[in-house]
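Quick notes on the structure that follows.
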Amino acid sequence: MLRVCLSFLVIVGLFSSPSRAANRDAATDWSTGYHSRKITDEEFKNKPWACHWWPKQDVALLPNRGSQRPCPSNNLYALNGPLDKLDKVTGKYSRHYEYDHHREPPNSVKGRFAGHMYEAAIASCILPEPQRDVTVRAQDGTSVKFTRNDISGLLVKIIPRLINHDDFSEPTPDLFLKAVNDLSKERLPFVLKITEQGLSWFFPCYGFEVHTSDRLPDGLAVKTEPHVVYCPLWSNTPWARQERVQLTRYIPFYSIKMRLVDATRHSYLIQFYREEYGGAVLQQGWYGESASILLPRAKGDIHDKSIWTASECSNNPEIDPEIVFNIYMES
């Protein structure tokens, strides 16, 4: 009789959710409504700065599908804007090139959200924020003042040449979770890519908070096939298999709150389910929008002028990278 009771306890222990056993006093999960536990809470000291995303239209638009209004100065090719000022110093035509090759038509639906969001997020992660305005002598002998915002506009055009071009990981929950675990070790700012309704958004991040729950939230239906895990005890007992098949299986559900540096969003919630057994992922899927992570890395020391001037600016050859380097270093 004692052996039977002990064997029953072994079986129950095998199928108990780890989150339940380790977290009896956990509060209701703020995202799923079920009991859960916090497994990671990271906030990095090296926080990115809010680099402007510089639209490619003559509009003022926040990157969260907000309202837009005409704004001829909120772009890189504006009169007295970043590239116009740079041309006064270099004698080149970067403003005209930007207008002719990268400006989106006013009525373009795609252009309504087009900008330098990716480049701005990368720049804010690997380059220190400009701290002061810089005054430079123009070709005609007059003084040209580059504000901190002007300098950020120059940086978004130069930044692709300063980084190693790593692609975002394939947006699957297991790779996303691995990337989050790796970031806990690196403790460096990173870029979060979110795909919503066919559009991609990029946000610099400086931390995250991970919760796991012992069951899926309401409204998420996942087909599960019962599987059998044999216990050394009763392994030859026919009715033990039947008991195990009928026991409830809980699929781990993850909620990750990403800490963003953004004018309109301070955090973004990533949710997915992921079931693993024996080192293999049995099933997984996103609950809402998919996401992926990029940890940008500079090619070398950002104070080394050679990595700035190794080649011409690929998407605007009229930009002089050496002048941009000098202006940025003075800031």
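Values in this text are rule-based calculations from the coordinates and carry no lab data. Just so it is clear, the structure is predicted and the values come from calculations on it, not from any experiment.
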Strictly over 26 Å apart at the Cα level, which of LYS45/LYS145; LYS56/LYS257; LYS38/LYS185; LYS157/LYS305; LYS45/LYS299; LYS88/LYS193 would you flag in this model? LYS45/LYS145; LYS56/LYS257; LYS88/LYS193
If every alpha-carbon in the range 272-320 counts as one equal scatterer, what log10 I(q)/I(0) does Debye give at q = 0.23 1/Å? -0.98
